Amino acid sequence: MEKRMTTLNKKWISLRLLLLIALGGMASVSAYHRAFAESDHEESKPAETQAEAAHEHGAEDEGDAVKHGEKADHKEKGEHEEKGHEDAGHEGEEEAIIIDPQSAADMNIEIVQAQQQTVQSSIPATGKISLNKNATAEVKARFVGVVKSVSKAQGETVKAGDTLATVESNDSLQVYEVTSPISGTILTRNANVGVIADEESLFTVSDLSSLWGEFHIFAKDIASVAAGQGVKIEAAGGDLVSEGEIVSLLPIAESESQTVVARVEVANADNKWRPGMSVHGDIFTSQKTVDVAVKVSAIQRIEGKPVVFVESNGKYEPRNVELGLQDKEWVEITSGLKAGERYVATGSFVVKAQAGKAGAEHAH
């Protein structure tokens, strides 16, 4: 029985040797001797122990294979993730979009050239339109008496020297004319037939072709405001806009608001401005001419950064820019855009929306 087992073991070792030759080429002679040494050692082991050894050897081979597979999978996964990051980077880039001229016209997209502009620093102020006291007259009777006739009504336009009413003097009982000292519009009328004319004004006449804009200047801004500075005036809640300059700063502050009134002369030849209207003003305190400026309406923000859409042959490219000085109309571009380049001045929000739509479609 023992001799039979020895023969079987030697046959099994021969098969192992043939397998090694097939897989890795000729094994070294030492491997051959080692195989027989193991066989002599294994002959003394029980069959169960030999089976366990064979199982452990197979497990080691399987473990090596698993480790090799995991390493390959890990490498493949890393390459895939790296490629994914590269793709994600391309997806995040803003690309130019194409809008045909007719569509651009339908969307009211206005294209202009970036150019040199004067940017003005300003201080905001609020106020109202009032009468120009230098062009307003209070018309009174020269002598106390009774009003005998009235020939002009409130709102009528008169010329200097026109008769407004007649009054009979109490002293002389003579009737004399009350005339307008200036040309203008009758704003108030306090004269009626039978009324006693005394120290009260009978009429108020004002030349409304020149008015005042009175703006309240806070203490923190007073040092920056002076006579001669230009002012842009806008009607509150309306489309009226005018320009003028400060003619004077009142020497007394208003006790309630602690503001000083800056008085601006407002041209009103077309009679669109009316005394009592509330207005906003921008008082220009300084100005600077910059090399490149765009309209404020051209600036959009993408991912929190300011951009301008540059147009070339129907392609609209979002260009990152850096901003400098700014007023209500213009903003200086310190980098990212050159003078002469064409940009979207009006309708930039529409182009931004089109770019976002194109990006979403590209992502899908």
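The values are calculated or read from the model by the stated rules, or taken from the named source; none is laboratory data. Predicted model, so just to flag it, every value in this text is computed and none were measured. Here the Cβ positions follow ideal geometry from the backbone for every residue, glycine too, while neighbour counts run over all protein chains shown. The protein model used for the area step is the full one, side chains on, heavy atoms only, and it has no ligands, DNA or RNA in it. Shrake-Rupley method; radii C 1.70, N 1.55, O 1.52, S 1.80 Å.
Here the range 100-181 is treated as a sphere whose radius is the Kirkwood value from Cα pairs; by Stokes-Einstein at 37 °C and 0.692 mPa s it diffuses with a coefficient of 173 µm²/s.
The order of 208, 164, 323 by accessible area, most exposed first and with a 1.4 Å probe, is 323, 208, 164. Taking 0.36 nm per residue of separation and subtracting the current Cα-Cα distance, fully stretching the chain between residue 195 and residue 103 would add 26.0 nm.
Neighbours of residue 284, meaning other residues whose beta-carbon lies under 13 angstrom from its beta-carbon, give a summed charge of -3 when Lys and Arg score +1 and Asp and Glu score -1.
What fraction of the Cα pairs in the range 173-266, stated in percent, has a spacing above 18 angstrom? Percent of Cα pairs beyond 18 Å in the range 173-266: 63. Computed over the range 212-290, relative contact order equals 39 percent, with contacts defined as Cα pairs under 8 Å that lie 6+ residues apart. Model label sites at residue 289 and residue 176, defined 7 Å from Cα along the beta-carbon direction, differ in position by 6.1 nm. P(r) tail for the range 224-268: Cα pairs beyond 16 Å make up 47% of the total. Strictly over 20 Å apart at the Cα level, which of 133/159; 288/352; 133/220; 232/338; 305/352 would you flag in this model? Violating the 20 Å limit, Cα to Cα: 288/352; 133/220; 232/338. Inter-label distance, residue 142 to residue 254: 4.0 nm, where each label sits 7 Å from its Cα along the C-beta direction. Per-residue extension of 0.36 nm, minus the Cα-Cα distance of residue 278 and residue 133, leaves a gain of 50.4 nm for this segment. Figure note: 198, 327 ranked by solvent-accessible area, largest first, 1.4 Å probe, ligands and nucleic acids not counted: 198, 327.
Above 13 angstrom, tally the Cα pairs of the range 304-350 and express them as a % of all pairs, no decimals. Of all Cα-Cα distances in the range 304-350, 59 percent exceed 13 Å. If you wrap the tightest convex hull around every Cα atom of the range 253-323 and split its volume per residue, you get 248 Å³. Maximal additional length on extending the residue 245-residue 334 stretch stands at 29.0 nm, based on 0.36 nm per residue less the C-alpha distance.
Residue 95 exposes around 110 Å² of accessible area when a 1.4 Å probe is run over every protein chain in place.
Within the full protein context, the accessible area of residue 218 is estimated at about 120 Å² for a probe radius of 1.4 Å. Taken one residue at a time, the phi angles of the range 154-170 give Karplus couplings (6.51, -1.76, 1.60, θ = phi - 60°) of 4, x, 6, 9, 10, 10, 4, x, 5, 7, 9, 6, 10, 9, 9, 5, 5 Hz. Gly and Pro are set to x. Between residue 163 and residue 270, the FRET efficiency estimated from the beta carbon spacing at R0 = 30 angstrom works out to 0.60.
Loop-only trypsin sites (Lys or Arg not before Pro) in the range 240-289, please: DSSP not H, G, I, E or B, and at most 13 other Cβ atoms within 10 Å. Passing both the DSSP loop test and the Cβ count: 272. Among residues other than residue 152 with Cβ under 10 Å from its Cβ, the summed charge is -1 (Lys and Arg +1, Asp and Glu -1). For the range 276-336 versus the range 192-237, the spacing of their alpha-carbon centroids is 35 Å. In the assembled protein chains, residue 317 presents an accessible area of approximately 80 Å² (probe radius 1.4 Å).
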